[in-house]
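The values are calculated or read from the model by the stated rules, or taken from the named source; none is laboratory data. Just so it is clear, the structure is predicted and the values come from calculations on it, not from any experiment. Heads up, the Cβs are rebuilt from the backbone with ideal geometry, glycines too, and the neighbour counts pull from every protein chain shown.
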Amino acid sequence: MATDFSGIKPKLDLPAWHATPLIYSALHVAQTATAGSTLTYDKRASQYKRNNIYFLNSATTLFKYNTKQNGWLQLASPALAGTFGIGAYNIFMPSMGPRGTIAAGATTTSVILSTALPATVGANQLVGQRIRIIGNNAAGSGLTVVRTITANTSGTTPTITVDSAFGFTPGTGAAYEILAGRLFMLNAGTVAAGIWKYFDESTTSYSGNLSTTNLPATIGTGTTMCALDELHTPITGPSGVTINGEEGGYYGTLTATAAAATTITGHAAGGDSGVTANQWRNFQIRIIEDTVNPTAVGQRRRITSHTAGASPVYTVPAWTVTPSANAKYYIENNNDILLWTGTATTTYRYDPVGNAWDATTYAVKPAANAAGTVAFQAFGSSIRPGYIYNFRGGVTTTLDIFDITAATTGSWTAAVPYDNAGLATFSTTAAHAYSVLENKALLSPVSLASVPTNMYTFEPDSLSIKGYAPCPQIPSTVTDGDRLALDHYIDGTDKKTFFYWLPSTQSYMLRSLFYV
Amino acid sequence: MTVTVSNSASSVNPDYDVKTSLDGVEIVQHVNVDSIPPVTIDSMPEVTVTGVATEATVSGIATSAASIETILSDANEAGFFSRVLVLIGFLVDYLRALPFVVPTALGHKVQALISTDSTMNILNTVSSVTAVSNLTNLNNIDSREIAWSMWLNGYNEGVRSKII
């Protein structure tokens, strides 16, 4: 079934908003957004994206809205430490989930986990989730496959059955990665154990207290985050290849022409042969197939630097196992979570696999953010996917751009001029949502009491702001927080974006079909 | 349903012998004088109507069974209940045309365009038509659904209908 959108005629058809159901707690109490509350969502335009919008409304109150079923569900308390308020922030990482190795006994359509899940799952609880099997055991297949789970036994090391054959029988010690996604939550206030946690979608459980080492003493106002997840992929890559928001990085499958202890060499023609020098610095290379050296498959390395094509040579930190000369790989995002907070100019970086923060991987900002700041990576851009757009907040129109490819630690350009900068200043009520489908962001720089809320689209590639249909809902008072979100309608390659907006002092979201 | 009817001499229809008006829509008109287009419902004798609809008692004029029936229900003569229906119809039209529900400390009120100068006015004096009491809960459906259903209809009958 395809979906035909050709009947929509922009200008003849004008964008508008309409309401979604009231948000009630599990105890049937209407929920009104509190200061610091946020909406978070799966940014992918993939057919496998989660149809959820997460609403963190306090240190103990987390909801998720199912965009297909049009209903809200209150989850167990995340019990975050800290003081909830402006500065609290969430980010969703779609590729994150339980990882480990499998035990003996796999078949061509099932595996038995060896590394335990973080929580017990019930029978078939994992159905519908995606699992990646990496044949990187000794004498393994050297292949990477992703399948949909169709059955599982209960327990922490379940037997998992998938929808179609792997094409090989995974050996003992092969790796698994459940790609269900994790919602990372950072509370505001004094940094302490428990202020930083995640919600794991596959097991619907919370993490323990994640590392806070290297975070500042306080998560203050002016906080925003950016997720560089490896599954954040474009619709069309820079070479014109169709990715369609699915796994495959920016070029789809690439085949090496050489490899050494700290390098891998790309295509002589086609593929990545047209890259310019360091175009993909600080992105990652992931080995997805190596039948010659099976234990090399699954390795991820951040690109330190690279030459221009043809046959670009990517320099990376030393491989644990040097890939073979014709290994296959993706060039994709590096799975970092970036954070800016308070009056610090530091760019904090979190490694969600290693559970570690540092303040040195990326360059410091030219000036600190303030309340109302928003940031997003335009990962759908075919021109500059390495750019992170950061409106500074603090009742200013200032836009800083961080190019992660421009230097070893990236490079900031301060106060970038942009089209129609005008008077749309970003205050404490600012909100944003970036859609890879159109490579545009919807911005709501400020909400004011007793008037509708202005909306704007921002086009990263042309640095242009345009007016969008304002939300007619009129708040009686305003409540701080980044509460714009989106979800994509997906029918094969036919896709459209819905933006969602949770206004101040209201107990429901409004939705707008985006087609301009 | 209880309807309070005011007596106004301002709406006089020369086509009728009885000039004293019984003008149900005056209730709304008094909300914001001259801000709502005049409602030209035919005038009727000045009467007082009490009781519930099915047991109304009419006094104030020399009544016969036929005239009472006219006063109460004759559409052509702008009978009482016809006026009530028109009144409710106008209210519904205002709600439908400009569906802005805004929160207040006491709940929600309707913001609507009721002035000829195109400025938005808060129609919070709808309370003068307390008769329409069930409008506040719509048989236990959240009153916000009034506006939302129209927004959703706008989507369903608009752009959604063009997607196949």
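Among the residues in region A:37-60, are any out of contact with any Phe, Trp or Tyr (no Cβ under 6 Å at 6 or more places or on another chain) and farther than 29 Å from A:D229 by Cα?
no
Would you be able to tell me the number of residues in region A:170-193 that are closer than 25 Å to A:T34 by Cα and either β-branched (V, I, T) or surrounded by 17 or more Cβ atoms within 10 Å (Cβ to Cβ) (or both)? Before the answer, list the steps.
Let us first name the residues in region A:170-193 that are closer than 25 Å to A:T34 by Cα, namely A:182-193.
So of that shortlist, the ones also either β-branched (V, I, T) or surrounded by 17 or more Cβ atoms within 10 Å (Cβ to Cβ) (or both) come out as A:182-191.
Total satisfying the criteria: 10.
Which one of these does A:W72 not meet: (1) more than 14 Å from chain B (Cβ to nearest Cβ); (2) of a type in the set (F, W, Y); (3) out of contact with any Pro (no Cβ under 9 Å at 6 or more places or on another chain); (4) within 19 Å of A:Q473 (Cβ to Cβ)?
All conditions are met except number (3).
List the pairs whose first member sits in region A:401-425 and is touching a residue at least 24 places away in the same chain (Cβ under 8 Å) and at positive phi, whose second member is surrounded by fewer than 16 Cβ atoms within 10 Å (Cβ to Cβ) and assigned to a strand (DSSP E or B), and whose Cβ atoms are under 8 Å apart, counting only residues at least 6 apart or on separate chains?
From residues that are touching a residue at least 24 places away in the same chain (Cβ under 8 Å) and at positive phi, the pairs are A:N420/A:S464; A:N420/A:K466.
Which condition breaks for A:P472 when tested against (1) free of Cβ contacts under 8 Å to residues at least 40 places away in the same chain; (2) within 14 Å of chain B (Cβ to nearest Cβ); (3) crowded, with 18+ Cβ neighbours inside 10 Å?
Of (1) free of Cβ contacts under 8 Å to residues at least 40 places away in the same chain; (2) within 14 Å of chain B (Cβ to nearest Cβ); (3) crowded, with 18+ Cβ neighbours inside 10 Å, only one is false for A:P472: (1).
Yes/no per residue for (1) of a type in the set (G, A, S); (2) away from chain B (no Cβ under 14 Å):
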{"position": "A:S6", "(1), (2)": "yes, no"}
{"position": "A:A30", "(1), (2)": "yes, no"}
{"position": "A:S46", "(1), (2)": "yes, yes"}
{"position": "A:R50", "(1), (2)": "no, yes"}
{"position": "A:Y54", "(1), (2)": "no, yes"}
{"position": "A:N57", "(1), (2)": "no, yes"}
{"position": "A:T67", "(1), (2)": "no, yes"}
{"position": "A:F92", "(1), (2)": "no, yes"}
{"position": "A:T109", "(1), (2)": "no, yes"}
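The conditions are (1) under 26 Å from A:F499 (Cα atoms); (2) in contact with a strand residue (DSSP E or B) (Cβ under 9 Å, 6 or more places away or on another chain), and A:P98 fails exactly one of them. Which is it?
Tallying (1) under 26 Å from A:F499 (Cα atoms); (2) in contact with a strand residue (DSSP E or B) (Cβ under 9 Å, 6 or more places away or on another chain), A:P98 fails exactly one: (1).
With A:A26, A:A19 as the choices, which residue is in a loop (DSSP other than H, G, I, E, B) and not basic (K, R)?
Working: A:A19 fails: in a loop (DSSP other than H, G, I, E, B).
Exactly one residue qualifies, and that residue is A:A26.
Sort out which residues of region A:349-374 are crowded, with 22+ Cβ neighbours inside 10 Å and either in contact with a Ser or Thr (Cβ under 8 Å, 6 or more places away or on another chain) or assigned to a loop (DSSP other than H, G, I, E, B) (or both), and write them in order of number.
Quick first cut of region A:349-374, residues crowded, with 22+ Cβ neighbours inside 10 Å only: A:350, A:362, A:369, A:372-374.
The answer is A:Y362, A:N369, A:G372, A:T373, A:V374.
Answer yes if at least one residue in region A:284-297 is out of contact with any Gly (no Cβ under 8 Å at 6 or more places or on another chain), modelled with pLDDT of 95 or more and closer than 18 Å to A:S239 by Cα, and no otherwise.
Scanning region A:284-297 turns up at least one residue that is out of contact with any Gly (no Cβ under 8 Å at 6 or more places or on another chain), modelled with pLDDT of 95 or more and closer than 18 Å to A:S239 by Cα.
Taking only region A:475-495 into account, find how many residues are crowded, with 21+ Cβ neighbours inside 10 Å and at the interface with chain B (Cβ under 10 Å from one of its Cβ atoms).
Residues in region A:475-495 being crowded, with 21+ Cβ neighbours inside 10 Å and at the interface with chain B (Cβ under 10 Å from one of its Cβ atoms): 1 in total.
Output the residue which, of all residues in region A:224-264 that are among the acidic types (D, E) and in contact with a strand residue (DSSP E or B) (Cβ under 6 Å, 6 or more places away or on another chain), is farthest from A:L183 (Cα to Cα).
As a first pass, look at region A:224-264 and keep what is among the acidic types (D, E): A:229-230, A:246-247.
Subset that is in contact with a strand residue (DSSP E or B) (Cβ under 6 Å, 6 or more places away or on another chain): A:229-230.
Working: A:D229: 12, A:E230: 15 Å.
Within region A:224-264, the match that is farthest from A:L183 (Cα to Cα) is A:E230.
This table checks each residue for (1) part of a loop (DSSP other than H, G, I, E, B); (2) within 30 Å of A:T83 (Cβ to Cβ).
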{"residue": "A:G222", "(1), (2)": "yes, yes"}
{"residue": "A:I264", "(1), (2)": "no, no"}
{"residue": "A:H267", "(1), (2)": "yes, no"}
{"residue": "A:G270", "(1), (2)": "yes, no"}
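Evaluate region A:441-462: report whether one residue or more is free of Cβ contacts under 8 Å to residues at least 24 places away in the same chain and within 12 Å of another protein chain (Cβ to nearest Cβ).
Looking through region A:441-462, at least one residue is free of Cβ contacts under 8 Å to residues at least 24 places away in the same chain and within 12 Å of another protein chain (Cβ to nearest Cβ).
Tally the residues that are more than 12 Å from every other protein chain (Cβ to nearest Cβ) and in contact (Cβ under 8 Å) with a residue 12 or more places away in the chain, restricting the search to region A:9-28.
Residues meeting the conditions: 3.
Only one of these conditions is not met by A:M1: (1) within 14 Å of another protein chain (Cβ to nearest Cβ); (2) at pLDDT 95 or above; (3) farther than 18 Å from A:K440 by Cβ. Which number is it?
Failed condition: (2).
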